[in-house]
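What follows is a short report on a single structure.
The numbers here are math on the coordinates, done by the rules we state, and not lab data. Owing to the predicted nature of the structure, the values given are computational and were not obtained by experimental measurement. Neighbour counts run over all protein chains shown; Cβ positions are idealised from the backbone, glycine included.
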Amino acid sequence: MKTLKIAIQKSGRLNEKSVELLKNCGLNFENYKSSLISPVSNFPLEILFLRDDDIPEYVQDGIADLGIVGENVIQETEVEVSYLQRLGFGKCSLKIAVPNNSDINSLADLHGKAIATTYPAILGKFLKQQNITSDIRTISGSVEISPGLGLSDAICDLVSTGGTLKSNGLKPFADVMSSEAVLIGSKAIAESNLVLELIQRIQSVLRAKETKYVVLNVEKQNLAAVTALLPGVKSPSVVPLAEEGWVAVHTVIPERDFWDRISQLKQAGAQGIVVMPIEKIIL
Ligand code: ATP
Ligand code: ZN
């Protein structure tokens, strides 16, 4: 069987989460910091550790079959690859920011101004859509210091919390794109069985992350009120307790409305609520 290759970031913001995701998929490999390739011992897969900027092209050219990389990098490199799965980490936005005391107040004010960025292709497209002509200055890093040095009037850079902007006296001004890590595949490989197997494993890990396993006790007379609040995968399991008139309910709850759901369950008569993380959900 052909061995697949998946490219992930060697070091940086996406490395740890990419490795964690693959390990949670049951893939067994050494996370060598020094080597470029690590074989997976229990799946026909090799992991290539690369700079994130190189990943889209490697996948497009078929040197790697799959890759994990930020959408921002894919859009900037303008490659032909298949988007296979959003991965829910590495979330950030590409924003235009200006100095706190800037007289740039609207997008139109950017006309004729200098904007420093490491994302000239994405920024260029965005400005074109807005019918704005600015002087895009492509620099390779530390974009946030360029207005202070007098190199530009504005910047266009990735922001997650906004802390870096703030500490450099900048304020976010316009959203250009939002981004997260995605699994991409070369056009040729996207449909193969091995790829589908890997995508299914990834989805089962992502699904499990979004849900918690909950066990609670409830008096039989309150059972209907409690189960009405529980969607479960199909329906909750109900197990009799040694104490007459009581049952234990086992179910899963979505992470996003978790605390609301728990307080509703308590009001409906649930007691001794135990909450556990889930490793995988296979549908
Ligand atoms: P490399 O050495 O691989 O080229 P890099 O320095 O270009 O790394 P990182 O800073 O590690 O890249 O960021 C990798 C990706 O993480 C970004 O392309 C983006 O998709 C995502 N990311 C999430 N939050 C942020 C953030 N606050 N700033 C920058 N990137 C972020
Ligand atoms: Zn990079």
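Of the trypsin sites (Lys or Arg not before Pro) in the stretch 17-53, the ones in a loop by DSSP (not H, G, I, E or B) with at most 16 other beta carbons within 10 Å are Lys33, Arg51.
The HN-Hα couplings worked out from phi for the stretch 42-51 by the Karplus form 6.51 cos²θ - 1.76 cosθ + 1.60 (θ = phi - 60°) are 10, 7, x, 8, 10, 9, 9, 9, 9, 5 Hz, whole numbers, x standing for Gly and Pro.
Take the residue pairs Lys17/Lys187; Lys23/Lys91; Lys91/Lys171 and return only those whose Cα atoms are more than 23 Å apart. Write out the running numbers ahead of the final one.
Values: Lys17/Lys187 25 Å; Lys23/Lys91 20 Å; Lys91/Lys171 19 Å.
From Lys17/Lys187; Lys23/Lys91; Lys91/Lys171, over 23 Å: Lys17/Lys187.
Excluding the sites themselves, what is the longest stretch of the chain that contains no GluC sites (Glu not before Pro) in a DSSP loop with at most 12 other C-beta atoms within 10 Å? Longest gap between qualifying sites, sites excluded: 81-190.
By the gyration tensor of its Cα atoms, with a ≥ b ≥ c the square roots of the eigenvalues, what is the shape of the stretch 42-175: rounded for a/c under 1.5, prolate for a/b over b/c, or oblate?
Details: a/c = 2.56, a/b = 2.02, b/c = 1.26.
Verdict is prolate for the stretch 42-175.
What does the charge dipole of the stretch 211-276 about its Cα centre add up to, to the nearest 20 debye, if the Cβ of each Lys and Arg holds +1 and the Cβ of each Asp and Glu holds -1? Let's see the in-between values first.
Details: 6 positive and 6 negative charges, 39 e Å.
Result for the stretch 211-276 is approximately 180 debye, rounded to the nearest 20.
Among the trypsin sites (Lys or Arg not before Pro) in the stretch 218-283, those placed in a DSSP loop whose Cβ has at most 15 other Cβ atoms within 10 Å are Lys234, Lys280.
Rounded to the nearest 0.05, the FRET efficiency derived from the C-beta distance between Asp53 and Gln264 at R0 = 51 Å is 0.60. Please report the net charge: other residues with Cβ closer than 13 Å to the Cβ of Ser179, K and R +1, D and E -1. Summing Lys and Arg as +1 and Asp and Glu as -1 gives -2. Across Ala188, Ala225, Ala114, mean-square fluctuation computed from a Gaussian network of the chain (C-alpha pairs under 10 Å connected) peaks at Ala225.
Ranking of Thr133, Thr161, Thr211 by neighbouring Cβ atoms within 10 Å, starting from the fewest: Thr161, Thr133, Thr211. May I ask for the distance between the Cα centers of the stretch 216-283 and the stretch 89-164, given as a whole number of Å? Here the two parts' Cα centres lie 49 Å apart. A Förster radius of 35 Å, combined with the Cβ-Cβ distance separating Glu243 from Ile278, puts the computed FRET efficiency at roughly 0.80. Scattering from the stretch 211-276 was approximated by placing one identical point on each alpha carbon and applying the Debye formula without solvent; log10 I(q)/I(0) at 0.15, 0.16 1/Å stands at -0.39, -0.44.
Counting only Cα atoms, I'd like the Rg/Rh figure for the stretch 118-168, Kirkwood definition for Rh. Display every interim value, and only then the final one.
Numbers: Rg = 11.5 Å, Rh = 11.9 Å.
Here Rg/Rh amounts to 0.97.
Using only the Cα atoms of the stretch 132-283, build the gyration tensor, take square roots of its eigenvalues as a ≥ b ≥ c, and label the shape rounded, prolate or oblate: rounded if a/c is under 1.5, else prolate if a/b is larger than b/c, else oblate. Oblate is the answer for the stretch 132-283, as a/c is 1.5 or above yet b/c matches or exceeds a/b.
Classification of the chain by its C-alpha gyration tensor yields an oblate form. The axis ratio a/c (a ≥ b ≥ c) is 1.5 or more, and b/c is at least a/b.
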